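To start, the structure under review is shown below, and the notes come after it.
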Amino acid sequence: MVRTKPAYQEMLSNDIAEASKDEIKVRVIAGEALGFKSPIYTRTPTMFLDFTLKPGSHSQQPIPISYNSFVYILEGEGVFGKLKSTPVTSHNLLLLGSGDGLELSKDV
């Protein structure tokens, strides 16, 4: 069995990469979004993104087909997937299928 030494990376909140486009803001804690890449190194490829959408905004986030992925809504509500889908409210978890990527929008 190969063992890897544990590692820790200190990252203060104000050092987290933040990208904005139109009415969308994303904090890139791990991985990449909107052309910004997190400085955090992960041995296992990981995406940890914190999206904030203003009313009327829409975005797509590609997710590699090999990833297992989910969305957890902390606050507010949004539409995930087809634009005519039922909005999902805070404190709900959505499990995404393989290769789905993420399509999200915020109703007015």
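The values are calculated or read from the model by the stated rules, or taken from the named source; none is laboratory data. Quantities reported herein were computed from a predicted structural model and do not represent experimental measurements. For neighbour counting, all protein chains shown are included, and Cβ atoms are generated from backbone atoms with ideal geometry for every residue, glycine included. What goes into the accessible areas is simple: the full protein's heavy atoms, side chains included, and nothing from ligands, DNA or RNA. Shrake-Rupley method; radii C 1.70, N 1.55, O 1.52, S 1.80 Å.
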field: Candidates G31, G81, G56: whichever shows maximal mean-square fluctuation once the chain is modelled as a Gaussian network with Cα springs under 10 Å
entry: G56
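Would you kindly state the longest site-free stretch of the chain, with sites defined as trypsin sites (Lys or Arg not before Pro) in a DSSP loop (not H, G, I, E, B) surrounded by at most 13 other Cβ atoms within 10 Å? Numbers along the way, then the final one.
Working: sites that count: R3, R43, K82, K84.
Longest run free of exposed loop sites: 4-42.
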- prompt: Using r as the Cβ-Cβ distance of I40 and K5, and R0 as 22 Å, what FRET efficiency do you calculate, to the nearest 0.05?
  reply: 0.80
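Of all the accessible heavy-atom surface of the stretch 1-61, with the other protein chains kept in place and a 1.4 Å probe, what percent is carbon and sulfur? Write down the numbers at each step before the final one.
Working: 2430 of 4720 Å².
Answer for the stretch 1-61: carbon and sulfur cover 51 percent of the accessible area.
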query: So what does L93 come to for accessible area, using a 1.4 Å probe and Å² rounded to 10?
result: 100
- prompt: List the chymotrypsin sites (Phe, Trp or Tyr not before Pro) in the stretch 17-108 that DSSP assigns to loop (not H, G, I, E or B) and whose Cβ has at most 12 other Cβ atoms within 10 Å. Which are they?
  reply: Y41
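For the chain, what is the relative contact order in percent, using Cα pairs closer than 8 Å and at least 6 residues apart in sequence?
Details: 194 pairs, mean separation 23.9, N = 108.
Relative contact order of the chain: 22 percent.
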- request: Be a star and scan the stretch 49-79 for residues whose amide nitrogen sits under 15 Å from the point 7 Å along the Cα-to-Cβ vector of L93.
  value: 68-74
task: Could you provide, to the nearest whole Å², the per residue accessible area of the stretch 1-106 with probe 1.4 Å?
output: 74
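Let me know the charge dipole size of the chain about its Cα centre in debye, to the nearest 20, where only the beta-carbon of Lys, Arg (+1) and Asp, Glu (-1) is charged. Before the final figure, lay out each step's value.
Values: 11 positive and 12 negative charges, 70 e Å.
The calculation lands at about 340 debye.
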task: Give me the lysines in straight-line cross-link reach of K5: C-alpha distance below 30 Å, same-chain residues under 8 apart excluded.
output: K37
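For the stretch 1-102, run through the GluC sites (Glu not before Pro) and keep only the ones in DSSP coil with at most 11 other Cβ atoms within 10 Å of their Cβ. Could you put the intermediate results ahead of the total?
Details: sites: E10, E18, E23, E32, E75, E77; in loops: E10, E23, E75.
Those satisfying the criteria are E10, E75.
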message: Per q in 0.21 Å⁻¹, report the Debye log10 I(q)/I(0) for the chain, using one uniform scatterer on each alpha carbon and no solvent.
response: -1.24
statement: Sorted by chain and number, the residues with a modelled amide H under 5 Å from that of E103, at a separation of 5 or more or across chains, are Q61, G81
